[in-house]
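So the structure is just underneath, and the comments pick up after that.
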Amino acid sequence: MLRGNTKLNLQAKSLITKALISLFILFMAVFILGPLFWLAARAFVTSWTYPNLLPDGLTLQWWRVITGDESLKKAIRNSLIISPIVVLVASIICLPAAYAFARYKFFGRRAFLIGMFAANAFPKIGLFASIATLYYTLKKL
Amino acid sequence: MSLPPVLVLLCFVGAPILIAFAFSLGHTGGLNQIISLVGQEIYTKDAWWGTFDAYNSVFQDARFGPDLRTTLTVTIFATVVVTVMALGMGIYQRIHGGKLATIIVSLSLVPLFVPVVIAAFAIRTFYDGNGFLKAVLYQFGIDFPTLTMTANAITIGTIWTSLPFAILMVSSGLQSIPDALIESAQDAGASFFRIVRTIMIPLAFVPIVIAVTFTAIGIMGSFTVPYFLGANQPTMLGVEIAMFFGPYNRPQQSVVMAFVIFVAASLIAVAYVWANVRSAKQSGRI
């Protein structure tokens, strides 16, 4: 990013190239942002009849519905409590280790690094199944 | 200082995986005792090392073949598309720079800040039977197919969620190539493609391989995107693992599938290790 503003005069400056790049930007905008806006718009409408491009009416009714939902409040509270704790614990565990791996050479350094990568190759959902398998028994002990 | 994460890894990843591996081989006692009582269709070992009965039952299951095919197809196709897009945007940003390049790259980083569940749901509504794409094309009299609930939608969703990491990795690799190298090649009369092929890709080789391997491994074990966007059958193995563990109550089969993905992902991981060794050799560290 240091040389972000450097321009090398390699590019073909033709109009066709520019048009193609603009088209690509448009495609990316629709591809990346389209679903998010389409979803967000649906939070404010009464109903939406296919194939109209505009909704049938606007409303804040759904926001009243969810703000009155007790279980949703609990879910939001859980998210707000759990995520900072996870971030904190992960930082406490990982930052010193990252420093150690980067600065020192110690026995088994390479093996541990490869081990961490191998752990990443095991599917998350399979890991959850494995952990649940283990905890069923640990709970019983 | 490196002990805590290693311990965490051993306790919460290494141990469960080893115990699950024993379970998949039919070691139903000890720590696997309760799951073996709860689950259905549990195979118990008949030799000291175990049995392959659980593996056999998975491989003979009519669902497994199409699931594996879907998983591999989506993984390969999405990885190729993500890599080409990341390379294209990275090279464009490196060589051209400027405002347009910044817009494209920042657009493609948006998915980084959107939780996967919300992204999957948004993409689901966008490509659905009453979604944006269908509605817009209807105005022009085109009957666009409904993509939601097909493998195509899974591919679109995985590309959407995998783009930012690949782009960050590849473009930071390309940015670290000195201008002098590119300019001197240019002065010697090298064409654009020659510069890309003989200077940019070799010098950013390791970041590119990391991007490809991590993308492929991430896609192969993904759950949320195929769960929201795919069909019930065939689907990706990540969804099937959750289904077999929970609703179908066949935990042993679900663990077997996890190991099938693990083996496939390990083959990809070998490429990563090979690239690292290659770069270490080139710079004379080995």
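Odds and ends about this structure:
Residue-wise test of (1) facing chain A (nearest Cβ under 9 Å); (2) under 30 Å from residue B:210 (Cβ atoms); (3) out of contact with any Gly (no Cβ under 9 Å at 6 or more places or on another chain); (4) open to solvent by 50 Å² or more (accessible area, probe 1.4 Å).
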{"residue": "B:50", "(1), (2), (3), (4)": "no, no, no, no"}
{"residue": "B:55", "(1), (2), (3), (4)": "no, no, yes, no"}
{"residue": "B:61", "(1), (2), (3), (4)": "no, no, yes, no"}
{"residue": "B:67", "(1), (2), (3), (4)": "no, yes, yes, no"}
{"residue": "B:70", "(1), (2), (3), (4)": "no, yes, no, no"}
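Okay, residues lined up against (1) in a helix (DSSP H, G or I); (2) open to solvent by 50 Å² or more (accessible area, probe 1.4 Å):
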{"site": "A:21", "(1), (2)": "yes, no"}
{"site": "A:30", "(1), (2)": "yes, yes"}
{"site": "A:41", "(1), (2)": "yes, no"}
{"site": "A:47", "(1), (2)": "no, yes"}
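- Residue list for region A:113-141, restricted to those being part of a helix (DSSP H, G or I) and modelled with pLDDT under 80: A:113, A:114, A:115, A:116, A:117, A:118, A:119, A:120, A:121, A:139, A:140
- Qualifying residue in region A:73-83 (condition: facing chain B (nearest Cβ under 7 Å) and either of a type in the set (Gly, Ala, Ser) or open to solvent by 80 Å² or more (accessible area, probe 1.4 Å) (or both)): no
- Search result, residues across region B:97-118 that are under 17 Å from residue B:226 (Cβ atoms) and at the interface with chain A (Cβ under 7 Å from one of its Cβ atoms): B:111
- Candidates in region B:106-128 are the residues that are open to solvent by 10 Å² or more (accessible area, probe 1.4 Å) and aliphatic (A, V, I, L, M); of these, the one that is nearest to residue A:30 (Cα to Cα) is B:107.
- The listed residue being within 13 Å of chain A (Cβ to nearest Cβ), aromatic (Phe, Trp, Tyr) and in a helix (DSSP H, G or I), out of B:121, B:144: B:121
- The set of residues from region B:8-36 being at the interface with chain A (Cβ under 9 Å from one of its Cβ atoms), over 24 Å from the mean Cα position of the chain (by Cα) and open to solvent by 30 Å² or more (accessible area, probe 1.4 Å) comprises B:19, B:30, B:31, B:33.
- From the options B:134, B:99, residue that is of a type in the set (D, E, K, R), buried (at least 20 other Cβ atoms within 10 Å of the Cβ) and over 15 Å from residue B:166 (Cα atoms): B:134
- Hits in region B:195-220 - residues which are within 11 Å of chain A (Cβ to nearest Cβ) and open to solvent by 20 Å² or more (accessible area, probe 1.4 Å): B:210, B:214, B:218
- Of the residues making up region B:240-261, those that are more than 7 Å from chain A (Cβ to nearest Cβ) and among the β-branched types (Val, Ile, Thr) are B:256, B:260.
- Some residue of region A:52-60 being under 24 Å from the mean Cα position of the chain (by Cα), of a type in the set (Val, Ile, Thr) and either facing chain B (nearest Cβ under 9 Å) or part of a loop (DSSP other than H, G, I, E, B) (or both): no
- Number of the condition not met by residue A:105 [criteria: (1) open to solvent by 60 Å² or more (accessible area, probe 1.4 Å); (2) at pLDDT below 90; (3) within 13 Å of chain B (Cβ to nearest Cβ); (4) part of a helix (DSSP H, G or I)]: (4)
- Residues that are part of a loop (DSSP other than H, G, I, E, B) and either in contact with an Asp or Glu (Cβ under 8 Å, 6 or more places away or on another chain) or among the hydrophobic types (A, V, I, L, M, F, W, C) (or both) within region B:234-256 comprise B:234, B:235, B:236, B:250, listed in sequence order.
The values are calculated or read from the model by the stated rules, or taken from the named source; none is laboratory data. This one's a predicted model, so the numbers in the text were calculated from it and none came from an experiment. All Cβ positions, glycine included, derive from the backbone under ideal geometry; neighbour counts span all protein chains shown. All accessible areas refer to the heavy atoms of the entire protein, side chains included, with ligands and DNA or RNA removed. Shrake-Rupley method; radii C 1.70, N 1.55, O 1.52, S 1.80 Å.
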